[in-house]
Amino acid sequence: MESRFDIAARVQEIAPFHVMEVQTAARALEAAGRSVIHMEIGEPDFPTPPQVIEAGQRALAHGGIYYTSAIGIPELRVAIAQHYLDRYHVAIGAERVVVTAGSSAGLLLIMALALDRDDEILLADPGYPCNRHFVRVLEGRPVAVPVRPETHYQLTAELVDAHWTARTRAVLIASPSNPTGTTVAPDEMRRIAGVVARRGGRLIVDEIYLGLSYETPGAARPASALETVAGEIDELFVVSSFSKYFNMTGWRLGWIVAPERHVRDLEKLAQNLYISPATLSQRAALACFDPDTLRLLESRRAAFRARRDFLVPALRSLGFKIPVTPTGGFFVYADCSAFGEDSEMFCRDILTSAGVAITPGIDFGCHRADKHVRFAYTIEEAKLEDGVERLRTHLAREARVRPVLPTA
Ligand SMILES: Cc1ncc(COP(=O)(O)O)c(C=O)c1O
């Protein structure tokens, strides 16, 4: 019998993750005995560093896994502030650090703080899909701004200015980005901050992939917006996470660096929405900043970089267009229009015919989504090589059946 209760409109507008559907189809093929190369998964394949697991085990043995302060244990807030000084040469007070249940909770808290009903926030299209859904759940309006290779698939000061309306309250930028792996140059970030400040808005920068930077356009080293836009804007919120660089996705731990005057309001929101981030995860994460852990993580960053250096030219040699080389994270956003008009169909084809799982562009927005796919290099290099060979064989077979379309 049909329920007489309708679900709220805000839920009806939330699209499922296609990547999860790709994953389900891939698992079904594997259950039927096929081998699949997984290039759809957006989390590091490396396990949580042993030092962190041991710290977690010690915390469990010690007991006292009770709620913590909603904004995190003081030692972890201090350690995160120290990490900004050591790694990014920027001094921030620990009182500005809000530890959250993953950066997902951090983004939700900031949007709850910043948006009233029908308020607008500017986002890049393509971009990380959950962002527009956070905004919709809060009854705000996500404004997806198409971004092109010419701007490294990122918002610019000009784009922000051109899309600003009387209802715009904030801009959210992920640098490096998911799905494109591209980075906003520090100079451009400063210019964007200048526009947002002049317009009286807030700048939110998602730096979840900053630790996995391989190059930084226009700079010798990776830079946090906390450093690059200092002096340009007061209303700056930086979001980050233990998920990606620190290989702790399942521990659900992240953080915000907020203007100090907003910490109390973020705390009230966190108290009410989820009480506190996981205590065990916080205690374990203290070991992330030990020199031994950081050495291991740096060797893993080098491995990601080597994978990128293999995958990008290999995909180009197959006929994918990758106009901007990704500079961070573990994704390649590739134009697959040489192989057809519909990237979802293309993904289904290569999964069933070649046993290679990748994500269709539709997960990341609307702008030319049907012409793009995302590859994740979250598997070891031998498997990446296998995936590329499978694609080469499949595309060569297809080309004999159907000529490759002329490129635009
Ligand atoms: C750009 C971006 N931001 C935020 C998140 C959320 O990550 P978490 O909640 O694990 O910190 C992700 C996860 O894939 C992401 O890609």
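Before moving on, here are some points about what is shown:
- Full-extension gain in nm, THR352 to ARG221, via 0.36 nm per residue minus C-alpha separation: 43.0 nm
- The chain, accessible area per residue, ligands and nucleic acids excluded (1.4 Å, Å²): 43
- Close amide H partners of GLY328, meaning residues 5 or more places away or on another chain with modelled amide H under 5 Å apart, are TYR214.
- Spin-label model, MET345 to ASP309: label points 7 Å out along the Cα-to-beta-carbon direction sit 3.9 nm apart.
- Cα gyration tensor shape of the range 262-408, rounded if a/c is under 1.5, else prolate or oblate by comparing a/b with b/c: prolate
- Within the chain, antiparallel bridges make up roughly 45 percent of the DSSP beta bridges whose residues both belong there.
- Label reach from ASP187 (point 7 Å along Cα→C-beta): in the range 227-243, amide nitrogens under 20 Å belong to 227-233.
- Residues in the range 79-114 reached by a label modelled at ARG301 [backbone nitrogen below 11 Å; 7 Å Cα→Cβ]: 87-88
- Cα shape, the range 136-199, gyration tensor, a/c 1.5 rule: oblate
- ASP116-ARG58 FRET efficiency (beta carbon distance; Förster radius 41 Å; 0.05 resolution): 0.35
- With a simple spin-label model that places each label point 7 Å from the Cα along the Cα-to-Cβ direction, the separation between ILE7 and CYS130 comes to 1.8 nm.
- 3J(HN,Hα) along the range 132-137, derived from phi through the Karplus expression 6.51 cos²θ - 1.76 cosθ + 1.60 where θ = phi - 60°, amounts to 5, 6, 4, 5, 5, 4 Hz, with x in place of Gly and Pro.
- Protection proxy ranking, peptides 156-164, 118-126, 210-218, average beta carbon neighbours within 10 Å, highest first: 118-126, 210-218, 156-164
- Under 5 Å from the amide H of THR168 lie the amide H atoms of GLU120, each residue being 5 or more positions distant or on a separate chain, with H modelled from the backbone and absent for Pro and chain starts.
- Spatial offset of the range 327-363 relative to the range 368-388 amounts to 8 Å, using the alpha carbon center of each.
- Residues whose amide H lies under 5 Å from that of ASP125, counting only those 5 or more places away or on a different chain, are VAL145, VAL147; hydrogens are built 1.01 Å from N in the peptide plane.
- Shape of the range 44-84, Cα gyration tensor, a/c cut at 1.5: oblate
- Surface composition of the chain: carbon and sulfur make up 54 percent of the accessible area, probe 1.4 Å.
- The listed residues THR68, THR352, THR182, once ranked by accessible area (1.4 Å probe) with the largest placed first, stand as THR352, THR68, THR182.
- The separation of the range 177-214 from the range 69-113, counted between C-alpha centres, amounts to 18 Å.
The values are calculated or read from the model by the stated rules, or taken from the named source; none is laboratory data. Small disclaimer: the values here were computed from a predicted structure and weren't measured. Every residue, glycine among them, receives a Cβ derived from its backbone with ideal geometry; neighbour counts consider all protein chains shown. SASA here: full protein model, heavy atoms, side chains in, ligands and nucleic acids out. Shrake-Rupley method; radii C 1.70, N 1.55, O 1.52, S 1.80 Å.
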